[in-house]
Each structure stands twice: as structure tokens, then as C-alpha cells.
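The values are calculated or read from the model by the stated rules, or taken from the named source; none is laboratory data. Predicted model only: the values in this text are computed from it and were never measured. Heads up, the Cβs are rebuilt from the backbone with ideal geometry, glycines too, and the neighbour counts pull from every protein chain shown. Ligands, DNA and RNA are stripped out before the accessible areas are found, and what is left, the full protein with its side chains, is counted by its heavy atoms. Shrake-Rupley method; radii C 1.70, N 1.55, O 1.52, S 1.80 Å.
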Amino acid sequence: MRMSALLLSLPCLLFFSATASAQVTPDDIDAIVRRAMDTFHVAGAAVAVVKDGQIVLERGYGLRTVEGNTPVDAHTNFGIASNSKAFTTTALALLVEDGKLSWDDHVVAIIPEFRMYDPYVTEHFTITDLLTHRSGLGLGAGDLTFFPDGADYTMDDIVRIFQYFEPESEFRTRFDYDNLLYLVAGEVIRRVSGMSWEDFVEERIFGPLGMDGSFTSLTFTDESTNKAYPHLNEGDSLYRIEPERWDPVRKPGSAGGIYANVHDLTAWMLLHLNQGKYGPDPEDELFSATTQRDLWKIYTTTDANRNPRYNSHFSGYGLGWFLEDLAGNMVVSHTGGLFGMLSKTVLVPDLDLGIIVLTNTSNDGAGLFGAVSSTVMDRYMELEPFDWIALYDDRFRRANDDAREEVDGVWATVAAANDHAIDPENYTGTYEDPWFGSVDISNRDGTLFFQSVRSPKIAGPLHYYGESTFVAKWESESLVDADAFVIFTLDGQGKGQSIHMKGISPAIDFSYDFQ
């Protein structure tokens, strides 16, 4: 779901050139993945490649968890996060083909209580607008309603929440990635079909494709399920963490709830490469070629790839997919990120090629999925070899070092201000927000403590930084790299009246939209 935080701009130092052959063997791909596994500190990974209607490779690497010796295999399920969005758009496409929905239908006609930040936008907001990141809202607006997990917001809250946000651009003029509107899309599916998003995807997509080993929610798995567990890396060390869990009764997983394996996902890639057809020949049709064109049409433009290696001309977002031209080929892709789980899907329909990379480790996992997918794609495009693994490794190390230096500077300021006398009672009380709910600031033995009422994991002590600004050190491991400035506005008597917040680390995930 936190997809955009993982996209990396690439330096303009690579050049377009062709080699003699596009022969890529399973051993070639295996060698690429194993070198990436040796470079990036991840617990496990799974990779699948399809080409010309055939499965070239589907294989697991590493461990499901560092706390055991169970290896990842082709049937190990990973949280695919925002790669679930394409399942949501496909589900809606099936309702369009059923004649129950139109892409231009207004959301309020289906969900009358839906409210945006402006009456005109509310009235004219369409199904397509839910899916194309052009709402006018800022990046990740409202994601704190489900990141971290454990918050009690429901769909009743979500469909009304947008009215409280300030837009950052004009409606339908700019790309800003969001998750919450995909939750609304899941609610549309429920109201139109009479089935939950989870049941609809399982019956209408998983079933026909034979994706019997995958799940629409982590909730539907148990300890006997062949699944990977999320990890974080601290330097060269890895440690297992608890997976993010969302109750599908409260809100659908339509923005990023699917747990799937590369064996099943080969059928998903082949479905799209075959323009909606599936099966051994393939001769069965899940959706039409016209629908495929709708899914893969640019609705919101983004900056084209600046890397001269690919000589790109366009880039944008379709319905659940990023679209661009690379080295003369149309490329369809998406990434996904959960806490400790990352994924990437790349389809090159001109080459009848599909690549998917799953990993159960945050941070370095993005380097692995980026390097592996780019290297394999380049081989099939017959481009001059380039060391993507080294590039991503260097970029991640420098980015992590820069972020760590900035965060350390903040905590050095906190340490220097430690002896500054403040009266905690000037800041205590309950602060209300129309969408986020209540925040209690309490005095715990002379230390201020921040506690969100509706999202219990957003809690931790406040450390004095300067003037009326504090730094929150969250207690939950779910908020790693998410410490935030908490800035109080005081009245004439020095009493707290309101709070503004801002994340500290440049590496903070955009879903922690404290601002």
C-alpha cells in the first residue's frame, strides 16, 4: 500500500544499446536473484517470470522467517500490498462488463454519504476518480486511519473523512498517490455486487484462475499456512516483526490486503498478458480485450522516466497500474509495501513478458525487487548490461546514511535541551481533530505522553526540542522511522491550544501523514 515511498528516481548515466540475443534461461534469472540475495539483507524472497505464455521460473529463496529454518518456496504467500489494487480495478471491470456499473458512474449515486472536500467534487467524483490518484488531495492523505494497524476507523468513517482534508491541487490536475479512495472502491464493489470485496475477488478472480493457495486477507490464514513473516533489518541484522492486520469486517482489503504466492501470480500475469483470457490454451475469457485497454490507458500523467537508457516519452497511471514506455516497449507495473513486506510486478506486453518479485523484508527489500526486476527486464529487452544491484545498494546506503544523520541531529538537539525547564501541565489535555479523533496529552511523572484514542499504537513520550516543539518517540515497532515533531500552539498564558505534527526522518513512509 505504501507503494510510492519505494519508487526510486534513477540517475541519467546509462545509455541505450542492444546486445545480440534475448535468450534468458532460468539459470540466468536464478543467478541474478542469488546475487541480489547476497547483497541485500532480506530474510526471503520469491520470484516468477513468464514469457511467451510459458512459466520460465517460479522459485523461492531464503527463509519464511529468521526464527526458523523453513525455506520460501513457490507456494509461500507474501503480503503483496498495493499490487492488490489491480485486483480491485479488475473486479470493478467485471461489474462493468456485467452491466452493473460504469467507469463514469458518480460515487454518490452508489454511496450517498460519500463526501469530498468540496460540494462540486463530491457531486462529480466518479468510479475512475477513485482509482487514478487525481483527487486533489495530498500524498497518502488519511492513511493514519489504518497505518499502523489496530485503529478503529470503519468504512462509515472513511467515506466521510475526505471532507476534512485540504486539497493540495485542483481536482483531476495532478498525480498524488492515495490508498483511502481504493477502500471506497472496495465499498462500491460490496454495494453493487452484494458481496464483500474479499468474497468477490476470491469467487470471480481467484477461483477461475486457480489461485487456490492465495488469500484476500491475512485474517484468513493461520499458523499452518505456507506464508512468509515480515522482517526489518538493523544494519546487517534481521529481526521478525508482527504483520500488519486489518479486519475485513471494518474495511475491505481493496487497497492492499492480498497475501499471494508466485505460483498463483503467474496465472494473474498471464491473464493480463493474454488480454483477459486464461487457461491452458488460453481460451476462457475473464474479461474482454476492450476492458484490458481500459485498465491500461493513462488517466493521470506522471513524469516520464529520465533515464536515457530507456528513451522514454510518456508515463502515467491507469486503473491500478503504472504505465510507461521503456526502450520502445510499453511497460505496465506496480509496487507494494507493507510493514516488512515488499513486492513488485512488471508486465511488458510487447515482449509477452511478466516478472514478479516478493520479499519479506522492508528497507533492503526494495533494493532487491528493483534490481532483480530491472536486470531481468533489461535482459529480455536486449539492452547493454548494467549493474542494477550495485546501483540500488549504493543508493540505499547513501539514503539511509543521510536519513540517519538528520534524525541523529534532531535527537542531539533534544539531548542539549534536556535541562530546559518546562511546566508539563501547560500542554496536557485532550486535543480533538475532526477526522483523526482525540489525542490525550498526559503528564507521566514529569514527562509528557502522547496517546491517540482511535489508533492506540500511535503513542509515546514527548521529548522537549525547543520553544513549544517536542519530539514523539513512538513505543510501537510498527512506527519505525516514524518519530515526529509535535508542535504546540500556545495562548497568551502559555497554555496549549492546538497541535501540529510533522515527521522527522526523510525516510519516513508517506502513509504516516502526521502533517
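Here are some notes:
- Stokes-Einstein D for segment 64-156, Kirkwood Rh over Cα pairs, 37 °C, 0.692 mPa s (µm²/s): 199 µm²/s
- Debye-sum result for segment 103-184 in log10 I(q)/I(0), which assumes one identical scatterer on each alpha carbon, at q = 0.13 Å⁻¹: -0.35
- Carbon plus sulfur fraction of accessible area for the chain, probe 1.4 Å, in percent: 46 percent
- Sequence-separation-based contact order of the chain, relative, with Cα cut under 8 Å and 6+ spacing, percent: 20 percent
- Between segment 419-484 and segment 162-206, the Cα center-to-center distance that results, in Å: 32 Å
- Put simply, when 467-477, 210-220 are sorted by average Cβ atoms within 10 angstrom per residue, most first, you get 210-220, 467-477.
- Only Lys, Arg, Asp and Glu carry charge here, each on its Cβ (+1 for the first two, -1 for the last two); on that basis the chain has a dipole of about 420 debye about its Cα centre.
- Cβ-derived FRET efficiency at R0 41 Å, Asn69 paired with Arg250, nearest 0.05: 0.70
- Label point at Gln497 placed 7 Å out along Cα→Cβ; residues across segment 417-431 whose backbone nitrogen lies under 15 Å: 427
- Separation in nanometres of the label points that stand 7 Å from Cα toward Cβ, at Met195 and Thr25: 4.4 nm
- P(r) weight above 20 Å for segment 28-110, C-alpha pairs, percent: 56 percent
- Loop-located chymotrypsin sites (Phe, Trp or Tyr not before Pro) in segment 302-407 whose Cβ has at most 14 other Cβ within 10 Å (DSSP): Phe314
- Net charge over other residues, Cβ less than 11 angstrom from the Cβ of Ser288 (K, R count +1; D, E count -1): -1
- Packing-based order for 25-31, 142-148, using average beta carbon neighbours within 10 Å, highest first: 142-148, 25-31
- Relative compactness, segment 429-515, computed as alpha-carbon Rg over 2.2 N^0.38 Å: 1.04
- Linear extension gain, Ala421 paired with Thr469, 0.36 nm per residue minus alpha-carbon span: 15.9 nm
- Long-range Cα-Cα pairs in segment 352-451 (distance over 21 Å), rounded percent: 64 percent
- Distance (nanometres) between label positions extended 7 Å along Cα→Cβ at Ser476 and Ala399: 2.4 nm
- For segment 276-385, the set of trypsin sites (Lys or Arg not before Pro) satisfying both a DSSP loop assignment and a count of at most 15 other C-beta atoms within 10 Å is given as Lys297, Arg306.
- On the principal axes of its alpha-carbon atoms, segment 469-513 has extents of 36, 19, 13 Å, going from largest to smallest.
- Other residues whose C-beta falls under 10 angstrom from the C-beta of Lys251 contribute a net charge of -3, scoring Lys and Arg +1 and Asp and Glu -1.
- Distance violations [Cα-Cα > 32 Å] among Lys473/Lys495; Lys297/Lys473; Lys227/Lys297; Lys277/Lys344: Lys297/Lys473; Lys227/Lys297
- Per-residue SASA remark: Trp268, around 10 Å² accessible (1.4 Å probe; ligands, DNA and RNA not included).
- Only Cα pairs under 8 Å and 6+ residues apart enter the sum, and on that basis the relative contact order of segment 322-420 stands at 16 percent.
- Accessible area per residue in Å² at 1.4 Å probe, computed on segment 298-439: 38 Å²
- Note on segment 234-373: Cα Rg divided by 2.2 N^0.38 Å, N the number of residues, gives 1.17.
- Within segment 243-312, GluC sites (Glu not before Pro) in DSSP loop having at most 15 other beta-carbon neighbours inside 10 Å: Glu283
- Anisotropy class of segment 124-266 from Cα gyration tensor, a/c 1.5 cut: oblate
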